[in-house]
Amino acid sequence: MFLRVAGFSIVLYFAVLTSCYAASSGSPKQETDESWLMSPFQKQNEANPILGPVATTEFLCPIQGGTVAWEAKDIFNPTALVKDGKIHLLYRAEDVDGEYLGTSRIGLATSDDGVTFVRETKPIFYPDNDSVKNYEWEGGCEDPRIVESESGEYVMTYTGYNGSLAILMVATTKDLRTWTKYGPVFRNTRDFAELWSKSGSIVTVQKDGKFVAEKIDDKYWMYWGDTDLYLATSNDLVDWTPITNADGNLTKIVEPREGLFDSELVEPGPQAFIRDDGILLIYNSKNKKGDEGGDPTLPEGTYAAGQLLFDKTNPQKVLKRSAGYFMKPEEEYEIVGQVGNVVFLEGLVCYKGTWFIYYGTADSKIAVATRKDEYCSGSIMVRVSGSALILAVALWVSRLVL
């Protein structure tokens with residue numbers, strides 16, 4: 001009898017301690033609502049911006065027939081992956097020659113610490129005299145996002161811009177050097193083949209530090225759009241079909257919110273990935289003017305980042321949405337540039353026990369923020385709150401006593 005009472009007392013003690021822990025950490029409701037968030041991230045201001053434009057790298061453009069300083073104007077909006085033990089950063093670079101504020105090409109830089117990068121002197125992906133030239137020239141190839149397939153091939157979504165129309169495109173590669181371009185992701189759909197479309201974030205699962213495209217209900221899924229958030233499905237990661245409603249119109253999965261940081265638009269960030277509690281998607285957003293329905297604490301046009309959690313068996317169902325931004329422009333390199341007051345998150349990797357998130361700053365440079373997390377190297381990220389951990393320990397101790 002004494003042992004049972006003692007065991008109960010221990011459980012009760014830890015329950016009280018848990019309650020005190022929650023109270024000392026702020027509002028219990030707020031802690032519960034925000035415990036799912038992947039945050040905070042620490043901006044590496046001593047190193048940031050980690051990459052900027054350079055005028056010394058030249059490239060023989062196959063369309064122009066002459067050399068161009070392909071990354072002389074601005075570089076920004078990078079995607080990232082871990083390959084051969086290093087972080088590979090694929091970034092958008094603009095020259096000063098293109099008619100539409102510079103032609104964009106995609107460069108590559110590698111790092112073994114996540115902060116110091118060595119860039120290649122030539123772009124690895126660019127407009128060419130090929131079957132998709134009419135989609136890419138001369139605006140260029142913009143805003144890549146890359147994931148791995150189950151076969152080990154890499155699948156990249158990007159925006160092709162010809163000066164009048166931006167279209168979400170797809171390409172594949174085995175080595176990041178030789179690419180197969182397939183053209184618009186919706187090219188085989190009747191109504192959406194040449195729809196203005198951007199920002200394709202494919203749903204993945206984390207396996208051994210890599211993000212591998214994962215089927216749900218026997219289909220691949222992709223969040224996309226740069227106004228509202230939409231969904232598309234695919235059987236092969238190359239041909240995609242948008243999800244529509246009974247009227248044949250695109251189904252809005254997530255919309256902007258009045259009075260908040262994401263009041264004007266929402267747009268996918270890095271690849272979405274499945275956790276134990278759902279599908280996590282980091283998203284970028286734009287703020288309206290304060291007196292026109294925006295967040296009055298942020299300048300008009302500010303790009304800040306939020307997070308979404310979807311049901312892992314039903315990617316259309318929103319489980320949680322961050323009440324506020326978890327990253328906003330606050331440093332000079334994020335405020336001053338080609339487009340001011342912008343942090344645009346596109347690259348996310350787990351490397352040596354640390355999350356690295358890479359983002360474009362003011363559409364001009366590239367920066368990084370980090371988060372230490374022992375779970376980032378697992379097959380699926382698991383989150384355990386402090387109170388839940390204490391309660392689990394209490395129950396384990398009570399079993400020993402009883």
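The values are calculated or read from the model by the stated rules, or taken from the named source; none is laboratory data. Here the structure is a predicted model, which is why all the values come from computation and not from measurement. Note: ideal-geometry Cβ built from the backbone for every residue, glycine included; neighbour counts use all protein chains shown. Ligands, DNA and RNA are stripped out before the accessible areas are found, and what is left, the full protein with its side chains, is counted by its heavy atoms. Shrake-Rupley method; radii C 1.70, N 1.55, O 1.52, S 1.80 Å.
Per residue, region 47-157 exposes 36 Å² of accessible surface when a 1.4 Å probe is rolled over the protein heavy atoms with every protein chain present. 3J(HN,Hα) along region 354-367, derived from phi through the Karplus expression 6.51 cos²θ - 1.76 cosθ + 1.60 where θ = phi - 60°, amounts to 9, 7, 10, 10, 10, 8, x, 10, 6, 6, 9, 9, 10, 10 Hz, with x in place of Gly and Pro. Between 183, 301, 114, the GNM of the chain built on Cα springs shorter than 10 angstrom shows 301 fluctuating the most. Take the Cα of residue 227, go 7 Å toward its beta carbon, and the backbone nitrogen atoms of region 243-262 under 16 Å from that spot belong to 243-245, 248-257. The value of relative contact order for the chain, using C-alpha pairs under 8 Å at least six residues apart, is 16 percent.
Computed extension gain for residue 188 through residue 164, at 0.36 nm per residue and net of the alpha carbon distance, reaches 6.5 nm. Out of the total accessible area of region 147-257 (probe 1.4 Å, heavy atoms of protein only), what percent is carbon and sulfur? The value for region 147-257 is 41 percent carbon and sulfur by accessible area. Maximal additional length on extending the residue 64-residue 112 stretch stands at 13.7 nm, based on 0.36 nm per residue less the C-alpha distance. For region 192-335, the spread of Cα positions along the three principal axes, ordered from largest to smallest, is 45, 41, 27 Å.
Does region 94-243 come out rounded, prolate or oblate, given a ≥ b ≥ c as the square roots of the eigenvalues of its C-alpha gyration tensor, rounded meaning a/c under 1.5 and, failing that, prolate meaning a/b above b/c?
oblate
Of the beta bridges in the chain, as assigned by DSSP with both residues counted there, near 95 percent are antiparallel.
Here region 278-331 and region 155-216 have alpha carbon centers that stand 23 Å from each other.
For the residue pairs 215/252; 215/320; 207/365; 73/122; 181/252; 219/320, the C-alpha atoms sit more than 25 angstrom apart in 207/365; 181/252. Solvent-accessible surface of region 254-344, taken per residue with a 1.4 Å probe and all protein chains present: 38 Å². Applying 1/(1 + (r/R0)^6) with r as the Cβ-Cβ distance of residue 236 and residue 313 and R0 = 25 angstrom yields a FRET efficiency of 0.70. Once the Cα-Cα distance is subtracted from the 0.36 nm per residue extended length, the residue 245 to residue 128 segment shows a gain of 38.4 nm. Computing Rg and the Kirkwood Rh from the Cα coordinates of the chain gives a ratio, Rg/Rh, of 1.02. The long axis of helix 2-24 is offset from the longest Cα principal axis of the chain by roughly 40 degrees. As a check on your grasp of the helix formula, calculate [θ] at 222 nm for the chain: sum -39500 (n - 2.57) over DSSP H runs of n ≥ 4, divide by the residue count, round to the nearest 500. After summing the helix terms and dividing by the residues of the chain, the value is -4000 deg cm²/dmol. Principal axis analysis of the Cα atoms in region 30-125 yields extents of 58, 31, 24 Å, listed in decreasing size. Here the relative contact order of region 124-217, from alpha carbon pairs under 8 Å that lie six or more residues apart, stands at 25 percent.
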